[in-house]
Amino acid sequence: MDEATDKAAVTAFAEEILTGTGWSLERVRRRSSRFEPPDWYWTQFDILINKDEDERRLRLVAKGALNTAAWERLSERLTLQGGDRPCDPINGLGYPRLFPESQHAYWFYPFDPTMPNLPSATDPVRMAGVLLGLQDETAEILRASRRLSIDTVRYVPEVGAILHYTMDTPAAKINAFGKVQPGHRGLRTYRIVEGLWQASKQYPGYLNLPRPLSYVEDFGLLLEERVRGRPVGGNRLSSEFLLTGIAAAESLAVIHESGVQSDERILIENELARLDRVAEQFTYVLPTGHFLLVDLIAHMRDHVRRTDEEDMLPTHGDMKYDQFMHHNGEMTLLDFDYFAIGETSYDLGKYCAYTMPSAPKNWQESVAAEETRVQFLKRYMELRPEATLQRFPVYEALQLALRAMASMWAQHAGWERIAETFLVMAFERLKSRLPAKNS
């Protein structure tokens, strides 16, 4: 699998695809990897090509199946969705190319097996018509499409894509973001954000979020207004990182009181079952991590048995520092894709688990991270003094264990040490108490 999806193999495939097109390969760069044992492996590559003075950047996805049953599922799905059509990212679409011997496949963005409408959302002609509300005025759409810029902000294969649309014409000035997701999750997110937008009006300044503009059903595309500023980075010593502690606490206080409903529920029993599967995955690549996690899960289950269920509330589902944009001291919360109904401590545990750096450069970073965590918890408890938090240690330990899992999937250099560190920290947090409200 490593050889079939490494830089050399991708380079050879790209050269084959470019043969006869007049385009030349300039550079291939691995962008990211994702490992999900026992079935899947993904990796993305940026491919820079040129022709005379023109330059283009392609994005290739390699997906491998780690066992025969997984390959049968993958090959059947990709064959149905275009496996017999040409892989032509230059003049058409980079449909998948399957390699049964090595049980892997290549495709080029914007093709995606779970988001069949993604190519439409990245097509300037089709999107110009959508953004301007035009249907039959073909000439006008074509003119507008030449002024429309579509930038890919983020793409995670089979998970979602975020696109930035900008247009500046005498008829319209557009600056909006679009999100494409599998199935009807975009419509679900649109309804949730609309409900939270209304709830935020009751608590001015506590919850800032992008205004939803529309949902384009044909494309599975959620459109939102542009948010000013820059994403909060991972520098624990920066002023904006410290500010996320207060912003997260205030945002969650509003979300938890909002009454916005969801068709999905986060249950601690399901989360622990998920960790059971993660522990099984660790047996393949890090036996020490397997034994640490099995022991941790046993202690977490014991804590759950000894405590009552917390209040089930509207839950952001992915509350982390990097979900905030900052601009002149104002924080805007993004990404409501994982919104659900869950226990009070789910969001709190996730935010706290992600304050800690995976590889601190010095002791000051660790101290600043802990300070941000404590300020977050104190502010939340100040705003919701009656909040039920008896399972907070379990949820913080849960998220630290999932960060260990993410390290395993990413396979970055030194991931083994990072995964073990998160699991040890999870044990520590499971036995820790919440900070005193008045300390």
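Across the stretch 121-167, the relative contact order, built from alpha-carbon pairs under 8 Å that are at least six residues apart, equals 32 percent. Temperature 4 °C, viscosity 1.567 mPa s: under these conditions the Stokes-Einstein estimate for the stretch 1-107, based on its Kirkwood radius over C-alpha pairs, is 91 µm² per second. Inverting the pair-averaged 1/r between distinct Cα atoms of the stretch 114-230 gives 15.0 Å as its Kirkwood hydrodynamic radius.
How big is the accessible area of V216 in square angstrom, nearest 10, if you roll a 1.4 angstrom probe over the protein chains? About 30 Å², rounded to the nearest 10. Among Y284, Y395, Y215, the order of accessible area from largest down is Y284, Y215, Y395, computed with a 1.4 Å probe on protein heavy atoms. Take every Cα pair under 8 Å whose residues are at least 6 apart in sequence, average their separation, divide by the length of the chain, and the relative contact order is 11 percent.
Comparing E330, E53, E269 in a Gaussian network model of the chain where C-alpha atoms under 10 Å apart are linked, the largest mean-square fluctuation is found at E53.
If you take the Cα centroid of the stretch 61-75 and the Cα centroid of the stretch 363-439, the two points sit 35 Å apart.
Angle of helix 185-200 to the longest C-alpha principal axis of the chain, folded into 0 to 90 degrees and rounded to 10: 50°. Taking a ≥ b ≥ c as the square roots of the eigenvalues of the Cα gyration tensor, the chain is classed as oblate, since a/c reaches at least 1.5 and a/b does not exceed b/c. Taking Cα atoms only, the orientation of helix 415-430 departs from the longest principal axis of the chain by about 30 degrees. At the residue level, W42 shows approximately 10 square angstrom of accessible surface with a 1.4 angstrom probe and all protein chains present. Computed over the alpha carbons of the stretch 115-159, Rg followed by Dmax gives 11.9, 35 Å.
Compactness of the stretch 266-317, taken as the C-alpha radius of gyration over 2.2 N^0.38 Å, stands at 1.33. For E420, the accessible surface of its heavy atoms amounts to roughly 60 Å² (probe 1.4 Å, protein chains only, rounded to the nearest 10).
For the peptides 17-28, 334-345, residues were scored by their other Cβ atoms within 10 Å and the scores averaged per peptide; the highest-first order is 334-345, 17-28.
For the residue pairs K350/K431; K320/K361; K378/K431; K350/K378; K201/K378; K361/K431, the alpha carbons lie more than 22 Å apart in K201/K378; K361/K431. Per-atom-type breakdown for the stretch 261-313 gives carbon and sulfur 48% of the accessible area (1.4 Å probe, protein chains only). Cα convex hull, the stretch 286-439: 139 Å³ per residue, rounded to a whole number.
Between helix 363-383 and the chain there is an angle of about 70 degrees, using the helix long axis and the longest principal axis of the Cα atoms. Shown is the FRET efficiency for A406 and K361, computed with R0 = 25 Å from the Cβ-Cβ distance and rounded to the nearest 0.05: 0.80.
Close amide H partners of T388, meaning residues 5 or more places away or on another chain with modelled amide H under 5 Å apart, are D311. Radius of gyration (Cα atoms) of the stretch 1-57, expressed as a multiple of 2.2 N^0.38 Å: 1.30.
Using a Gaussian network model of the chain in which every pair of alpha carbons under 10 angstrom is joined by a spring, one finds that among L296, L132, L400 the greatest mean-square fluctuation is at L132.
The values are calculated or read from the model by the stated rules, or taken from the named source; none is laboratory data. All values reported here derive from a predicted model rather than from experimental measurement. Glycine gets a Cβ as well: all are built from the backbone with ideal geometry, and neighbour counts include every protein chain shown. Calculation scope for accessible area: heavy atoms of the full protein, side chains included, ligands and nucleic acids excluded. Shrake-Rupley method; radii C 1.70, N 1.55, O 1.52, S 1.80 Å.
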